[in-house]
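**Student:** After the structure tokens below, expect a handful of questions from me.
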Amino acid sequence: MSSTVYKGKSGQWAFIGHRVTGFLVFFFLLLHVVDVSLVNIDAELYNEVHHLYGNVMLRLFEVGLLGALLFHSLNGLRVVMVDFFPGAIRNEKSMFTAVLALTGVLTVVGGYVIMKPFIEGRILS
Amino acid sequence: MSRRLEERPVASANRPKLERRPRQNFETWSWYFMRISGLVLIFLALTHFTITHIVYDVVETDAQFVADRWSNPLWRAYDWTLLALGLMHGINGLRWILDDYIRVPAKRVVAKAVLYSVTGFLFFYGTLTIVTYQG
């Protein structure tokens, strides 16, 4: 195995990033189906479990989810462009840079909104 | 006779490739499906996330929020489409990942059986939640 490690460049990192973020988002979706289903069993139970999403640890998890979702979306768009527009492959690298930059900026902006109750000291834990 | 000879492709390593006609098999459709469902999901998932985490704070999306939202059948349709496309896009992506990284056939069969069972069950369970919810 170790003799055949492919040391790829940006495209290889995009590929790995796409798999990892896709995997993470999919597993969140599986969890999310279960937590939402509680609303049909007992609304109070749903509220209690749902309230956990408001604590700091899970808010950080949500920022991570947003980052994964954004990277997977934007890189997916890059993949579609490379696949369907023959000219796009020439700009593949700069598009990957744009994917990273947009993911970073939008995650910080969205992350600020998600973490705002904590930043303003309205929730402590 | 000479004409027939001209029509024959050059014997080379590429010969089987030249003779193979493109066929639309399951993998072709799954390739297209990932791109088309992906484009739809960018809109559905990012809108959903923006509403439930940016427009509203996450603690505001309680049982009352669900009741208000699901009183409109269009929101149920939106959520169900997101559920169905998300799970299908995810199950196919994970199938590719399992095919790539699990090299022992028996292990791969087991892993895929688990993936299909869990995803299938959650598709059924999630659909049940959206359809049977009465507020």
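**Student:** If B:Ala111 satisfies all but one of (1) more than 11 Å from every other protein chain (Cβ to nearest Cβ); (2) farther than 29 Å from A:Arg59 by Cα; (3) surrounded by fewer than 17 Cβ atoms within 10 Å (Cβ to Cβ), what's the number of the condition it fails?
**Tutor:** Failed condition: (3).
**Student:** A:Val49 passes all but one of (1) surrounded by fewer than 21 Cβ atoms within 10 Å (Cβ to Cβ); (2) more than 30 Å from A:Glu92 (Cα to Cα); (3) free of Cβ contacts under 8 Å to residues at least 40 places away in the same chain; (4) within 9 Å of chain B (Cβ to nearest Cβ); which number fails?
**Tutor:** (4)
To keep it simple, each residue is scored yes or no on (1) among the aliphatic types (A, V, I, L, M); (2) more than 9 Å from chain B (Cβ to nearest Cβ); (3) touching a helix residue (DSSP H, G or I) at 6+ places or on another chain (Cβ under 9 Å).
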residue: A:Gly54; (1), (2), (3): no, no, yes
residue: A:Leu60; (1), (2), (3): yes, yes, yes
residue: A:Val79; (1), (2), (3): yes, no, yes
residue: A:Asp83; (1), (2), (3): no, no, yes
residue: A:Leu102; (1), (2), (3): yes, yes, yes
residue: A:Thr107; (1), (2), (3): no, yes, yes
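This table checks each residue for (1) within 28 Å of B:Gly120 (Cβ to Cβ); (2) modelled with pLDDT under 95; (3) not in a helix (DSSP H, G or I).
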| position | (1), (2), (3) |
| --- | --- |
| A:Lys7 | no, yes, yes |
| A:Gln12 | no, yes, no |
| A:Arg19 | yes, no, no |
| A:Leu29 | yes, no, no |
| A:His50 | yes, yes, no |
| A:Tyr53 | yes, yes, no |
| A:Met57 | no, yes, no |
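**Student:** Considering only the stretch A:1-19, state which residues are under 29 Å from B:Ser37 (Cβ atoms) and either more than 10 Å from chain B (Cβ to nearest Cβ) or of a type in the set (Asp, Glu) (or both).
**Tutor:** Across the stretch A:1-19, the qualifying residues are A:Tyr6, A:Gly8, A:Lys9, A:Ser10, A:Gly11, A:Gln12, A:Trp13, A:Ala14, A:Phe15, A:Ile16, A:Gly17.
The values are calculated or read from the model by the stated rules, or taken from the named source; none is laboratory data. For clarity, every value in this text was computed on a predicted model and none was experimentally measured. When we count neighbours, we look across all protein chains shown, and the Cβ atoms used for this are built from the backbone with ideal geometry, even at glycine.
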